[in-house]
Amino acid sequence: MPESESVTGTRHQPEARTDHPAYPVGLRLAGRRVVVIGGGSVAQRRLPALLAAGADVVLISPSATPSVEAMADAGELTWQRRPYADGDLDGAWYVLIATDDPATNSAASAEAESRRVWCVRSDDASAATAWTPATGQSEGVTVAVLTGRDPRRSAAVRDAVVEGLHTGTLGAPRHRDRTGGVALVGGGPGDPELITVRGRRLLAEADVVVADRLGPRDLLAELPPHVEVIDAAKIPYGRAMAQEAINDVLIEHAKAGRSVVRLKGGDPFVFGRGMEEAHQLAEAGVPVTVVPGISSAVSVPAAVGIPVTHRGVAHEFTVVSGHVAPDDPRSLVDWPALARLRGTLVLLMAVERLGSIAEALMRHGRDAETPVAVVQEGTTATERRVDATLATVAERAAAAEVRPPAVVVVGDVVSVGAAVSRATEPGRAPGAAPDGAAGSEDRSGSGAGTDSEPGTGPRTGADPGAGTNPGTGS
């Protein structure tokens, strides 16, 4: 046979365990025999993931940690309390070698090689045929990272990806097995960093976002170009999108199979008409998810250094909608009872009726010298605060041309937080400077690894304030 023909059909076989990169693959081990040799800390870290994968785990070790022993006692795995012996890998699909005896590890590794069983070694990655990546989970996604022999980098990359998926800063929307539905998401008081982790993630996965003006508008700029943003702004003193039309839009898009986020300010169930929308969606057969948000009733006062409760000052706080005047027959608020309370009163949507509300409280017994703070557009770049008393608040708010959204805080806690407000300016972005000292009558400012690589194991994430229209969330 000519020399040229003698090599026909042959292939170059690379030497084992070279510096070639590992080939990533996901093993489906459910019901398949997996042998773990050694019952120490490495096994303790690796066993939960193997058990979660449904593997038929056989542990071979004379002893085990209490946690591993508990798994055996619970029937989660089979424990053979003896040293490794040749033949133990018969029928195995995968083996983890994690003893402190080099001779045992080498012998078991040799058997795995001869039987063509994928083998992970905790003591010597270069002698293994498989490596365990740094892994993490987020919303049904498994993240696995291999960086050769740099376990800290593997863990760091894993952590960054899992955190990005969890918070929504790393957009990865689902494209298969998706069903239409609506998430009622509370966006917090205005600062885009104050939305919940889950809310931000759902925004990143949305096909359609129906947003109020009082939601965190900066988040909309981060949405991918394909996301349809629908303005459902209920603007105080201006035109509004009827609630029925909002409901129709939500139902229409959800029934078309789209993932819809109804983005509100604050919390959707605090003066946000969230339950009204949830009822309509449920009646239409649309799946609904409710994601609570940080209410402006607590967060906006906190952002300017006002605690709604304080030891020795206020043992309770009451949140009231001011969109209906005290003398209006439609009002459901017991104003005489509120005036008798000694704690903090937080008014939302009260700017237009601030005078009549203050008058009613004083008429029913609240001290006219009670401190009051009005915080407009709290936690945002246009945040400002006006301080007054119950007797002067209407006049001073009008003189300062306060507009919705604003949160009004009535009570002695307003004075308690003055020193903190001056020192820390909690609602302001780093480096921003106020126009005047905190606590002034009018203040403006700006808001807003492998097993040879230890440590790479699994890691297991409308606020109105004020206005004329309820339904924007607080």
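Overview of values
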item: Residues that are among the hydroxyl-bearing types (S, T, Y) and either in a loop (DSSP other than H, G, I, E, B) or touching a His at 6+ places or on another chain (Cβ under 8 Å) (or both), drawn from segment 73-85; result: Y84
item: Subset of segment 354-395 [out of contact with any helix residue (DSSP H, G or I) (no Cβ under 7 Å at 6 or more places or on another chain), surrounded by fewer than 22 Cβ atoms within 10 Å (Cβ to Cβ) and under 16 Å from H323 (Cα atoms)]; result: S356, E359
item: Count of residues meeting criterion [of a type in the set (D, E, K, R) and surrounded by fewer than 17 Cβ atoms within 10 Å (Cβ to Cβ)] in segment 248-275; result: 3
item: Any pair with Cβ under 6 angstrom, 6 or more apart, that starts in segment 146-173 at a residue that is within 14 Å of V197 (Cα to Cα) and ends at one that is among the polar types (S, T, N, Q) and at pLDDT 75 or above; result: V162/S138; L165/S138; H166/S138
item: Lone unmet requirement of (1) more than 21 Å from A112 (Cβ to Cβ); (2) touching a Leu at 6+ places or on another chain (Cβ under 8 Å); (3) open to solvent by 50 Å² or more (accessible area, probe 1.4 Å) for D73; result: (2)
item: 3 or more residues open to solvent by 20 Å² or more (accessible area, probe 1.4 Å) and either among the basic types (K, R) or out of contact with any Phe, Trp or Tyr (no Cβ under 9 Å at 6 or more places or on another chain) (or both): qualifying strands (runs of 3 or more DSSP E) within segment 86-150; result: 141-145
item: Residues (open to solvent by less than 20 Å² (accessible area, probe 1.4 Å), in a loop (DSSP other than H, G, I, E, B) and at pLDDT below 85) located in segment 200-246; result: D212, L214, G215, P216, A232, A233, P236
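Quick grid of which residues meet (1) among the hydroxyl-bearing types (S, T, Y); (2) closer than 17 Å to P24 by Cα; (3) within 25 Å of the chain's Cα centre (by Cα):
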{"position": "S122", "(1), (2), (3)": "yes, no, no"}
{"position": "A125", "(1), (2), (3)": "no, yes, no"}
{"position": "T132", "(1), (2), (3)": "yes, yes, no"}
{"position": "V143", "(1), (2), (3)": "no, yes, yes"}
{"position": "D150", "(1), (2), (3)": "no, yes, no"}
{"position": "A156", "(1), (2), (3)": "no, no, yes"}
{"position": "D159", "(1), (2), (3)": "no, no, yes"}
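The values are calculated or read from the model by the stated rules, or taken from the named source; none is laboratory data. Predicted model only: the values in this text are computed from it and were never measured. Heads up, the Cβs are rebuilt from the backbone with ideal geometry, glycines too, and the neighbour counts pull from every protein chain shown. When the accessible area is computed, the model is the full protein with side chains, heavy atoms only, and any ligands, DNA or RNA have been set aside. Shrake-Rupley method; radii C 1.70, N 1.55, O 1.52, S 1.80 Å.
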